[in-house]
1. Looking at the stretch 166-179, which of its residues are assigned to a helix (DSSP H, G or I), over 11 Å from I100 (Cβ atoms) and either in contact with a Pro (Cβ under 6 Å, 6 or more places away or on another chain) or open to solvent by 40 Å² or more (accessible area, probe 1.4 Å) (or both)?
2. Residues I197, I210, I220, I205: which one is within 30 Å of the chain's Cα centre (by Cα), modelled with pLDDT under 85, in a helix (DSSP H, G or I) and surrounded by 14 or more Cβ atoms within 10 Å (Cβ to Cβ)?
3. For F229, state whether it is of a type in the set (F, W, Y) and either assigned to a strand (DSSP E or B) or touching a helix residue (DSSP H, G or I) at 6+ places or on another chain (Cβ under 8 Å) (or both).
4. Name the residues in the stretch 259-302 that are modelled with pLDDT of 80 or more, small (G, A, S) and either open to solvent by 60 Å² or more (accessible area, probe 1.4 Å) or not in a helix (DSSP H, G or I) (or both), would you?
5. Could you check, for the stretch 224-244, whether at least one of its residues is free of Cβ contacts under 8 Å to residues at least 60 places away in the same chain, in contact with a Ser or Thr (Cβ under 6 Å, 6 or more places away or on another chain) and within 18 Å of H75 (Cβ to Cβ)?
6. Report whether or not V30 is among the aliphatic types (A, V, I, L, M), part of a loop (DSSP other than H, G, I, E, B) and farther than 30 Å from V159 by Cβ.
7. Look through the stretch 131-178, keep the residues that are under 21 Å from the mean Cα position of the chain (by Cα), at pLDDT 90 or above and of a type in the set (S, T, Y), and return whichever of them is nearest to A88 (Cα to Cα).
8. How many residues are open to solvent by 90 Å² or more (accessible area, probe 1.4 Å), out of contact with any strand residue (DSSP E or B) (no Cβ under 6 Å at 6 or more places or on another chain) and either modelled with pLDDT of 90 or more or in a strand (DSSP E or B) (or both) when one looks only at the stretch 33-46?
Amino acid sequence: MNIKLVLGVLLFGGFILISLIGPLIAPYEVDYNKKIGYTQTAEGQQLVSSPFPPSQEFKFGTDKWGYDILTLMLHGAKYTVLGTLLIAIARVLLGGIAGILMGLHKKKRTLRKATISVWSGIPTFVIIYFIMVGININSSIPIWGLILIQSVLMIFLGVSSVYNVIFSKTAEIKKELYVVASISLGASNNHIMVKHIWPALKGNIMIILINEAILVLHLIGQLGIFNLFFGGTHQQFFPTIYLSVTHEWSGLIGQARGFMYHSHWIILFPLLAYILFLFSLYLTSSGLSDLQVKKVRKASLL
């Protein structure tokens, strides 16, 4: 049994489910907060203010402003999980279709890897940062608009890597003897794509999709370190603080960096969720890779 793939898919499926029903199972409304309350001490009940540690009332505790962390995480899950997945799917669709078509229609003598983009030497998050820094913070653009802008940038700057991989693999498959024979017999490009290219690529495409999701999640996390949260950043002054508008997990981590050494539950639970989601993607990718290797070995023995 492919344990890594089974665990990865189960974890990944659980995160997708949470992202879909999160607001429905959240213990409180997203704008509910509790700034003061009573706690039992040796001298009796004592009035205390937020943040409140994990308790029966607040499973994951509250943040500095009294908002329930579990509620914020459940409302932000759809932006982290579904946002990551949809951007990865768009990258693979656009890059994959372009790579297959270009690899399929190139003549043998001109088949080559796509040229390295001028942008490839610059980290993607740096490009997005300098584009979004004047747009994302205290923006008048609605949440969906900011998500769309940031998603388009992530797709545009990431699609070339998918294109290069698919283009190269298509070119390699096209050189296989059974494909050359099919071309010699007059098979059309559409026939070759459907009967030969796609069956050979579909296992790789799933692996590429998961790997792209990993890259997108890393990218969202990197931008979060610089207070550019997915879906918008709200900046407050005196003191200066940055808050995630959508409560996506990297935003909750980024805005809670100051609580690393005290009230640590504020950053601990979003960080654990982010790492566990990333771990589910790594497990799924590794499991799919192992499965693909087994299929190749089995095919070579036939």
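1. Answer for the stretch 166-179, where residues must be assigned to a helix (DSSP H, G or I), over 11 Å from I100 (Cβ atoms) and either in contact with a Pro (Cβ under 6 Å, 6 or more places away or on another chain) or open to solvent by 40 Å² or more (accessible area, probe 1.4 Å) (or both): E172, L177, Y178.
2. Numbers: I210 fails: modelled with pLDDT under 85; I220 fails: modelled with pLDDT under 85; I205 fails: modelled with pLDDT under 85.
One residue alone meets the criteria, I197.
3. On the way: of a type in the set (F, W, Y): yes; either assigned to a strand (DSSP E or B) or touching a helix residue (DSSP H, G or I) at 6+ places or on another chain (Cβ under 8 Å) (or both): yes.
Judged against the criteria, F229 is a match.
4. Listed by number, the list holds a single entry, S263.
5. Step one: of the stretch 224-244, the residues free of Cβ contacts under 8 Å to residues at least 60 places away in the same chain are 224-225, 236-241, 243.
Keeping just the survivors that are in contact with a Ser or Thr (Cβ under 6 Å, 6 or more places away or on another chain) gives 224.
Now narrow it down to the ones that are within 18 Å of H75 (Cβ to Cβ): 224.
The answer is yes; a qualifying residue exists.
6. Working: among the aliphatic types (A, V, I, L, M): yes; part of a loop (DSSP other than H, G, I, E, B): yes; farther than 30 Å from V159 by Cβ: yes.
So V30 fits the description; yes.
7. S151
8. Matching residues across the stretch 33-46 total 1.
The values are calculated or read from the model by the stated rules, or taken from the named source; none is laboratory data. Nothing here was measured: the structure is a model prediction, and the numbers come from that model. Every residue, glycine among them, receives a Cβ derived from its backbone with ideal geometry; neighbour counts consider all protein chains shown. SASA here: full protein model, heavy atoms, side chains in, ligands and nucleic acids out. Shrake-Rupley method; radii C 1.70, N 1.55, O 1.52, S 1.80 Å.
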